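A.B. asks: Please see the structure below; I have some questions.
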Amino acid sequence: MHQQERRESQREREREIEAMVSKQVQKRDPIYKKLQSLRSISNSPAHSKSSIILDAVTYIQELKRKVEEMNQEIVAARAQVSTPAQNPFPMQLKVEPREEDQAGFQIKMFTEKSCSGLLVFVLEAFEELGLDVHQARVSCSNNFLLEAVATINNDDQNGEDHNKDAEVVRKAMLQAIQSWSEVSQ
């Protein structure tokens, strides 16, 4: 009888060991699967648990940095885009260098609303830039339309004025519109 008790006791220990091993395997399998998923998502070449986790942390930090950059780009893009609510006088503005005259520009401005007094601000901007208007067509009745050909004033030409480009003229026109808008409202 003593021997039978031993066998039974040994079988019970074996069952307990089997149960412990089974529980460890059951715990290990989900963790292993999660680590493999983490390794796959973060494109980690590592095989050890700590290296996979370290690569995942680095990957998450990189994603956070990219999200922050994208958010900054969105904020910058929103600041550049002018919506009708922000700009009650939507204006089409086009400034191009003239091909036949290196120091000349063709300026076109249009809005569907009448902008009483805007022409004065535009002409003041031309004067501040040292531009001579050679040809212009303006309509201020039901809408505002300006088509002008201007060149750098020969009297004002120095090394700095030769470097004026269409973007400088465009910014000056936008500033004239902004100044007019502030005074008009």
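Derivation of every value follows stated rules applied to the coordinates shown; laboratory data play no part. Note that this is a predicted model, so its numbers are computed, not measured. Here the Cβ is made from the backbone with ideal geometry for all residues, glycine too, and neighbour counts use every protein chain on show.
A.B. asks: Pick out, in residue order, every one of the GluC sites (Glu not before Pro) in segment 94-123 that is DSSP loop and has at most 10 other C-beta atoms within 10 Å; say none if there are none.
C.D. replies: Glu99, Glu100
A.B. asks: While we're looking at this one, here's another question. Run the numbers for Ala19 and Ile74: contour at 0.36 nm per residue of separation, minus the present Cα-Cα distance, in nm.
C.D. replies: Value of the extension gain: 14.2 nm.
A.B. asks: Anything over 32 Å Cα to Cα? Flag those among Lys34/Lys66; Lys64/Lys108; Lys66/Lys113; Lys33/Lys66; Lys33/Lys64, in the order listed.
C.D. replies: Violating the 32 Å limit, Cα to Cα: Lys64/Lys108; Lys66/Lys113.
A.B. asks: Also, quick follow-up: Each label point is 7 Å from the Cα along the Cα-to-Cβ direction; what then is the distance between the points at Val138 and Thr58, in nm?
C.D. replies: 6.5 nm
A.B. asks: If r is the Cβ-Cβ distance from Glu127 to Val67 and R0 is 41 Å, what FRET efficiency results, to the nearest 0.05?
C.D. replies: Efficiency, rounded to the nearest 0.05: 0.30.
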